[in-house]
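Take a look at the structure below.
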Amino acid sequence: MNNIQYITHSNDRFDHIEGAELALKGGCRWVQLRMKDATDEDFLAAGRRVRELCSAFGATFVLDDRVHLVKELQADGVHLGRLDMPVDEARKYLGDGKIIIGGTANTFDDILKLARQGADYIGCGPFRYTATKKRLAPILGLEGYSRLTGQMKAHGLHVPILAIGGILREDVPAIMATGVSGIAVSGAVLNADDPAREMERFINT
């Protein structure tokens, strides 16, 4: 599968920049820089390096939340959480260019709202418990994704859905069978013995 987004994270071995580089070396071509507790200054410093890396690998570079830094970092897009700026407001702020705007959903009402606001894709989860996210929404599991994609079909909604939240490589075939468009990964790659190889395995699953 090639529709996979890597969301940056840090652990005791790798920082956000190193993790992004390893994911890119493993074949990932879509990176979201997520540094929730960082200052704008630290975010910009990391963002400039990740921007360079994404350009070198021909990858899409998305920021988590920080709409006001998209232009400065020449990011390709921004991902907005449920408590962040609404998608339509971000679109007005960023203009009608080719900026990708994604949103986060946990329920069908969330999906409907984001679709109406013009989201380009929706990160939907969590699939299972994940330690990389604070304030975790209710777990969806395979049944949840099947239900949501069924509701989308019934309402004629075609926004791409990315499953997210504690996804391991062995989960991918069953998750994709629910009708989602792709997945987002973080800890499963960064915490692997060989993150680049693990990303390669995810892509080849």
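Matching residues to (1) in contact with an Asp or Glu (Cβ under 7 Å, 6 or more places away or on another chain); (2) more than 17 Å from residue 10 (Cα to Cα); (3) surrounded by fewer than 17 Cβ atoms within 10 Å (Cβ to Cβ):
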{"site": "42", "(1), (2), (3)": "no, no, yes"}
{"site": "45", "(1), (2), (3)": "no, no, yes"}
{"site": "50", "(1), (2), (3)": "no, no, no"}
{"site": "61", "(1), (2), (3)": "yes, yes, no"}
{"site": "64", "(1), (2), (3)": "no, no, no"}
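The residue of region 154-204 that is farthest from the chain's Cα centre (by Cα), among those that are polar (S, T, N, Q) and closer than 19 Å to residue 32 by Cβ, is 191. For region 84-109, the set of residues classified as under 16 Å from the mean Cα position of the chain (by Cα) and of a type in the set (A, V, I, L, M, F, W, C) consists of 87, 99, 100, 101, 105, listed by residue number. Filtering region 76-88 for residues that are under 24 Å from residue 19 (Cβ atoms) and of a type in the set (A, V, I, L, M, F, W, C) leaves a non-empty set.
Quick check: is even one residue across region 117-124 among the aromatic types (Phe, Trp, Tyr), buried (at least 17 other Cβ atoms within 10 Å of the Cβ) and part of a strand (DSSP E or B)? Yes, because at least one residue in region 117-124 is among the aromatic types (Phe, Trp, Tyr), buried (at least 17 other Cβ atoms within 10 Å of the Cβ) and part of a strand (DSSP E or B). Taken together, the residues in region 123-145 that are of a type in the set (Gly, Ala, Ser) and modelled with pLDDT of 95 or more amount to 4.
Going through (1) over 29 Å from residue 16 (Cβ atoms); (2) touching a residue at least 40 places away in the same chain (Cβ under 8 Å); (3) in contact with a helix residue (DSSP H, G or I) (Cβ under 6 Å, 6 or more places away or on another chain); (4) surrounded by 18 or more Cβ atoms within 10 Å (Cβ to Cβ) one by one, residue 151 falls short only on (4).
For region 131-146, filtering for residues that are surrounded by 15 or more Cβ atoms within 10 Å (Cβ to Cβ), free of Cβ contacts under 8 Å to residues at least 60 places away in the same chain and part of a loop (DSSP other than H, G, I, E, B) leaves 5.
On the given criteria, is residue 184 of a type in the set (A, V, I, L, M, F, W, C), touching a residue at least 12 places away in the same chain (Cβ under 8 Å) and crowded, with 22+ Cβ neighbours inside 10 Å? Answer is yes for this residue. The set of residues from region 94-122 being at pLDDT below 95 and of a type in the set (Lys, Arg) comprises just one member, 98. Within region 146-154, the presence of a residue that is among the basic types (Lys, Arg), under 23 Å from residue 10 (Cβ atoms) and modelled with pLDDT of 95 or more is excluded.
What about residue 178, is it within 26 Å of residue 114 (Cα to Cα) and polar (S, T, N, Q)? It is true that residue 178 is within 26 Å of residue 114 (Cα to Cα) and polar (S, T, N, Q).
The residues of region 90-118 that are over 22 Å from residue 133 (Cα atoms) and in contact with a Leu (Cβ under 9 Å, 6 or more places away or on another chain), listed by number, are 90, 112, 115.
Residues in region 154-181 that are among the small types (Gly, Ala, Ser) and closer than 17 Å to residue 138 by Cα were compared, and the one that is surrounded by the fewest Cβ atoms within 10 Å (Cβ to Cβ) is 166.
Looking at residue 145, is it under 14 Å from the mean Cα position of the chain (by Cα), of a type in the set (Phe, Trp, Tyr) and under 22 Å from residue 3 (Cβ atoms)? Here the answer is no, as residue 145 does not meet what is asked.
The values are calculated or read from the model by the stated rules, or taken from the named source; none is laboratory data. It should be emphasised that the depicted structure is a prediction, and the values quoted were computed from it without experimental measurement. Please note: Cβ atoms are built from the backbone with ideal geometry, for glycine as well, and neighbour counts cover all protein chains shown.
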